[in-house]
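Take a look at the structure below.
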There are 2 protein chains.
Amino acid sequence: MDQFTNITIDKKANVYFEGKVTSRTVLFEDGTRKTLGIMQPGEYEFAAELKEEMEIVAGHLDYKLSGQDWQTIEGNGVFYVPANESFQVKAYSVVDYCCSYISE
Amino acid sequence: MDQFTNITIDKKANVYFEGKVTSRTVLFEDGTRKTLGIMQPGEYEFAAELKEEMEIVAGHLDYKLSGQDWQTIEGNGVFYVPANESFQVKAYSVVDYCCSYISE
């Protein structure tokens, strides 16, 4: 089982879209940050401030980066969102994800 | 903001009730374990193996321990579940919880 060690976690969840998307913020010793999140089935648009690595740990979704075609992930996969861009998601199942925020 | 430090977290979520209840397992240096979870609105029955401290961080729910009356928590609160007992929950909102497992 993949684990992250020596981290700090906020007790309180981050809640978006009336709770259909929730996440937990984890802070690493090197100052970097990830969120571990769950999406309920639905359609969402997210705005990235920093560059994001979106790792889908489990689930079935389509995603669309700005100016690109829709792509599908079933099971697991990863995509990258440039800083200051939005992306769209259509989640067809509960989606378990790990988002890493990357300062450039 | 309350935080837990020097912990290990599983990357993958725990998924129950078709994803309407999900949680993240965090392990502490002293060997103890908590789960940070989210319930979508709905009715659930949970079985506790160890004694559990169920802290409601945010949300509105009724809960019922075995042999006791229904109780309400709105906002935040805490209840304890004896080892090897079940409890019922009616969640009226998204519920953010922190469950501590207590070996006796």
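The values are calculated or read from the model by the stated rules, or taken from the named source; none is laboratory data. The shown structure was predicted, so the numbers you read here are calculated from the model rather than taken from an experiment. So basically every Cβ, Gly included, is an ideal-geometry build from the backbone, and we count neighbours across all protein chains shown. With ligands, DNA and RNA removed, areas are computed over all heavy atoms of the protein, side chains included. Shrake-Rupley method; radii C 1.70, N 1.55, O 1.52, S 1.80 Å.
Computed quantities for the displayed model
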quantity	calculated
Loop-located chymotrypsin sites (Phe, Trp or Tyr not before Pro) in region A:1-95, at most 14 other Cβ atoms within 10 Å (DSSP)	A:28, A:70, A:92
Net charge of Cβ neighbours under 10 Å - reference residue A:87; Lys, Arg +1; Asp, Glu -1	-2
Cα-based radius of gyration of the protein assembly as shown once divided by 2.2 N^0.38 Å, which approximates compact folds	1.05
Most mobile listed residue (A:56, A:73, A:38) in chain A, GNM with C-alpha springs under 10 Å	A:73
Most fluctuating residue given options B:52, B:29, B:85, as computed from a GNM of chain B linking Cα atoms under 10 Å	B:29
Probe 1.4 Å, all protein chains present, accessible-area order of A:2, A:96, B:69, largest first	B:69, A:2, A:96
Region B:16-102 - charge dipole about Cα centre, Lys and Arg +1 at Cβ, Asp and Glu -1, debye rounded to 20	140 debye
Relative contact order (percent, whole number), chain B, Cα cutoff 8 Å, 6+ residue spacing	30 percent
Net +/- balance of residues flanking residue A:59 in space, Cβ distance below 9 Å, scoring K and R +1, D and E -1	-2
Rounded percent of accessible protein surface that carbon and sulfur make up, chain A, 1.4 Å probe	42 percent
Unit charges on C-beta of K, R, D, E only; dipole of the protein assembly as shown, Debye	80 debye
Chain B: most fluctuating residue of B:43, B:18, B:53 per GNM, C-alpha cutoff 10 Å	B:18
Accessible area (Å², per residue) of region B:13-104, counting only protein heavy atoms and a probe of 1.4 Å	50 Å²
Residues residue A:79 and residue B:16, FRET efficiency given R0 of 22 Å [Cβ-Cβ distance, rounded to 0.05]	0.20
For the pair A and B, total buried accessible area rounded to nearest 100 Å², probe 1.4 Å	2700 Å²
